[in-house]
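Novice: Structure below; questions to follow.
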Amino acid sequence: MKIFAIGDLHLSFDNRIQKPMDVFGQSWEDHEVRLKENWLKKVEDEDIVIIPGDISWGLKLEEALEDLKWISALPGTKVFVRGNHDLWWQSVGKINKLYPNMVFLQNNCYMAGDLAIAGSRGWVCPGSEDFDEQDEKIYKRELLRLEMSLKEAKDKGAKDIICALHYPPTNDKKQPSGFTKLMEDYGVKTCIYGHLHGKDGFKNGLKKVLNGVEYSLVSLDYLDCDPVEIRRDI
């Protein structure tokens, strides 16, 4: 079994949602076609694909269903965390009943043997430009959500933890945060995240090993629509 990751699919197959992604540049032209082609080349049914947020442009669940159905039809078990644009994600209990090969994380983790996939949406970190009191409240709430997910992983005996966030775990200065501290405290070895787009955005993400945690940006345009393998033979 192998584990892949790719975030920020930004799908909009429902006719009620008009969100053509090619307005954001050549890297987004026919992105869903290229994603499917690359996915089918490398992902097997026994594999896992982590998708850290911004899954569908749907505003309500019924507007996201075509996108979720499309993802479900692809090989592998898919594990999701919520992105800032996933407004359709309201009842995690309801969406976890939709497809047996799709798992939506919220305050919990997913176990694959003795490896756990934990995570949360995350938020902008202190030290970011225009970080205000409202950001502080959401940031602290997301820290609590992430810790609940990591604690469940430890309680279930995880020997290895992959952490999935939608937002980068640091500010654009790549300074340590509550997210990086939690991951270090819980022995996370790998952190993947999305949210950052375009050359100006890519440079703001931490992409190295820091204090024993390997940080990787996996937004769709950064990966050129090609899921990246982050583990194998677990």
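The values are calculated or read from the model by the stated rules, or taken from the named source; none is laboratory data. None of the values given here were measured: they were computed from a predicted structure. Heads up, the Cβs are rebuilt from the backbone with ideal geometry, glycines too, and the neighbour counts pull from every protein chain shown. SASA here: full protein model, heavy atoms, side chains in, ligands and nucleic acids out. Shrake-Rupley method; radii C 1.70, N 1.55, O 1.52, S 1.80 Å.
Novice: May I ask you to give the solvent-accessible area per residue for region 139-189, in square angstrom, as obtained with a 1.4 angstrom probe? It would help to have the intermediate numbers written out before the result.
Specialist: Details: 2380 Å² over 51 residues.
Accessible area per residue: 47 Å².
Novice: Still on this model: Please enumerate, by chain and number, the lysines with C-alpha under 28 Å from the C-alpha of residue 199, excluding those fewer than 8 residues away in the same chain.
Specialist: 19, 36, 41, 42, 78, 173, 174, 181, 189, 207, 208
Novice: Got a number for carbon plus sulfur as a percent of region 47-150's accessible area, 1.4 Å probe?
Specialist: Details: 2250 of 4410 Å².
Here carbon and sulfur together make up 51 percent of the probe-accessible area.
Novice: Can I ask one more? Under a plain spin-label model, where a point goes 7 Å from the Cα along Cα-to-Cβ, how far apart in nm are residue 72 and residue 140?
Specialist: Label-label distance for residue 72 and residue 140, simple model: 3.9 nm.
Novice: Let me ask another. At 1.4 Å probe radius, can you tell me the per residue accessible area of region 17-119 in Å²?
Specialist: 46 Å²
Novice: Highest first, please rank the peptides 128-135, 45-52 by the mean number of other Cβ atoms sitting within 10 Å of their residues. Show your work: numbers first, answer last.
Specialist: On the way: 128-135: 10.9, 45-52: 21.8.
Descending mean neighbour count gives 45-52, 128-135.
Novice: Once both labels are modelled 7 Å past Cα along the beta-carbon direction, what's the residue 189-residue 15 spacing in nm?
Specialist: So the two model labels end up 4.9 nm from each other.
Novice: Can you figure out the FRET efficiency of residue 224 with residue 133, using R₀ = 41 Å and their beta-carbon distance, to the nearest 0.05?
Specialist: Details: r = 38 Å, r/R0 = 0.94.
Result of the calculation: an efficiency of 0.60.
Novice: Right, another one. HN-Hα J couplings of region 88-103 from phi, Karplus 6.51/-1.76/1.60, θ = phi - 60°, integer Hz, Gly and Pro as x?
Specialist: Working through the residues one at a time gives 6, 7, 10, 9, 5, x, 5, 6, 6, 8, 6, 9, x, 9, 9, 10 Hz.
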